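As structure tokens, the structure follows; a few thoughts come after it.
Read-outs: derived from the displayed coordinates by stated rules, not from any lab. Every value quoted in this text rests on a predicted model; they were computed, and no experiment measured them. When we count neighbours, we look across all protein chains shown, and the Cβ atoms used for this are built from the backbone with ideal geometry, even at glycine.
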Amino acid sequence: MIDVYNAAVQRLSRVSGVRGALLVDAQAGVPVVAELAEGVSGTAVAALAASLFQRTAQASEHADFGRLTTLQVDADEGHMIAVDAGEVIIVVVAERAAQLGLVRLEAHRAAESLA
Amino acid sequence: MKKPAPADLRRWSDEVARDPTSLAFLPLARAYRRQGQREAARQLCLRGLEHYPTHAEAHSLLALLYLEDGDRAKAADEWSMVLRIDPDHFESLRGIGFCYLEDDQLSRARQALERAALLRPHDATVQEALQVLGTRQELHAGTVTTNASPDDMDVQNRATSTGAGPVIAADPSFRDAWMSPAGADLVSPTSTGSRPAGTSPAQPAGAAFAAPASSADRARSLALDFADPMSVFNSLTATGPLLGVLLIDAHGLVLAGSMARGTPGSEDSLGAMLGPAIAEAGRTVAHLALGDWRGMLIEAGVAMLHVAPVRPGTYVVLAGRRTAPSGWMLRSAGQAQEIALRYLEEYA
């Protein structure tokens, strides 16, 4: 399974504008596989992304909007996209100028391949 | 339309009296409207909608009744409701398109009228409204291009000189579209300008076609929209896959906006639930050194949400159908932020 995880992360990392990609254990909030730019702590990113995903998922379900599938956070300098893939969450950090459509497409493809 | 027989009227009336949930309320309300008994028709519609809140034709009839009473804002609200239920409801697209045109919201008018034209390409009233719209947009573009001061009188004079207003107002097919069955012509061929909604009886949908609304009228129109906090974002939710827009504070309390009937969850619960997620999003982007947080798109099984900061401590939340394109949601979020900012500047 770890090979499948590695392949998914490597493919995501090759998309233009992607600064890093990681698979995060949805429950524990720890990185399973990560490819991140130098100086970025995978452990911290995994913990924060998983926490944000969980909180948003709770809000969505409590408000009867259903199960959270994708979360995209936009900021001045870039984007973070998190996609539900069952036991893991796919997290991608991209530059502001990245082709978001392509990044999202690859993230969803990765989620399908892991499901 | 064929006049109902007295026997039909009695039958519908008896049915409604016997069973308040009977769908006979609709033909009965239509008959009352045709007889000029608008108040009775409106009461029937409102009671019927208590039992059938998503009955598009009842909302549509109610819109016409409001329009005939000069309450364009309420008419537009009802048409908005119809379009949430049935996005391809021709009469509502046309009606709300005319309302936008009167309010000088030209891009929204075009959006609604072009959709109406796709549904009925040969409808003369829609085609003429689109022509007037084109003339208006050219005039506006000309005003902007020459960088002249937006002298509404000048624009009005030029509009009149093009004949755009009289052509529409005098056109029998256009008049017929808005003719009340009681015989009251809702279009004033001699109208030379629009008055603020709610201040004139039977403000005709076509009257403002005679001349663009003045900037003062636009301001009044804006103030009227903003006067009801729940209607602040109605111009956005009138068409398309948006379910509603809310302006919330850092505590998750709703400051303005509303969700369509039938949207999962309540406004207050949605605001309260999102509070912790909003705080977490800010922390996450700060750690990732991504700069200031600008928005968060949440795609869930039933619906899609977008949350974005407006001012420190205030956020605008959009809810859309699950099928809404993500790019469209992001663009709509930008428009909602602008409206929210204007609302806060005026009322906060």
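How many partner chain Cβ atoms sit within 10 Å of a residue's Cβ in peptide A:46-52, on average, as a whole number?
For this peptide, the per-residue mean of nearby foreign Cβ atoms is 4.
Provide the packing ranking of B:25-34, B:73-82, i.e. peptides ordered by the mean count of other C-beta atoms within 10 Å per residue, highest first.
Going from most to least packed, we get B:73-82, B:25-34.
Averaged over peptide B:5-15, how many Cβ atoms belonging to another chain are found within 10 Å of each residue's Cβ?
0
What is the extension gain from B:R342 to B:D86, computed as 0.36 nm multiplied by their sequence separation minus the C-alpha to C-alpha distance, in nm to one decimal? Numbers along the way, then the final one.
Numbers: separation 256, 0.36 × 256 = 92.16 nm, distance 3.02 nm.
Answer, rounded to one decimal: 89.1 nm.
Starting from the amide H of A:G78, placed 1.01 Å from N in the peptide plane, find each other amide H under 5 Å away whose residue is 5 or more places distant or on another chain.
Those lying under 5 Å, H to H, from A:G78 are A:R96.
Taking only DSSP H segments of four or more residues, each worth -39500 (n - 2.57), what value at 222 nm results for chain A once the sum is divided by all its residues, to the nearest 500 deg cm²/dmol? Don't jump to the answer; show the numbers that get you there.
Working: 3 runs with 48 residues, N = 115.
Taking each H run of at least 4 residues, the total per residue is -14000 deg cm²/dmol.
For A:H108 and B:S22, what does the FRET efficiency come to when R0 = 51 Å and r is the distance between their Cβ atoms, rounded to the nearest 0.05?
Numbers: r = 49 Å, r/R0 = 0.95.
Computed FRET efficiency for A:H108 and B:S22: 0.55.
Let me know the Rg and Dmax you get for segment A:21-115 when you use only its Cα atoms, in Å.
Looking at segment A:21-115, its Cα Rg and Dmax stand at 12.7, 40 Å.
Considering only the other residues whose Cβ falls under 11 Å of the Cβ of B:M304, what net charge follows from Lys and Arg at +1 and Asp and Glu at -1?
+1
Please average, across the residues of A:96-107, the number of beta carbons from any other chain that are within 10 Å of each residue's own beta carbon, and give a whole number.
Across A:96-107, the average partner-chain Cβ count within 10 Å equals 1.
Ranked highest first by the average count of other Cβ atoms within 10 Å around their residues, in what order do A:34-45, B:301-312 fall?
B:301-312, A:34-45
For a label point 7 angstrom out from the Cα of B:R321 toward its Cβ, which stretches of segment B:50-67 have the backbone nitrogen within less than 16 Å?
Under cut-off, by backbone N: B:54-56.
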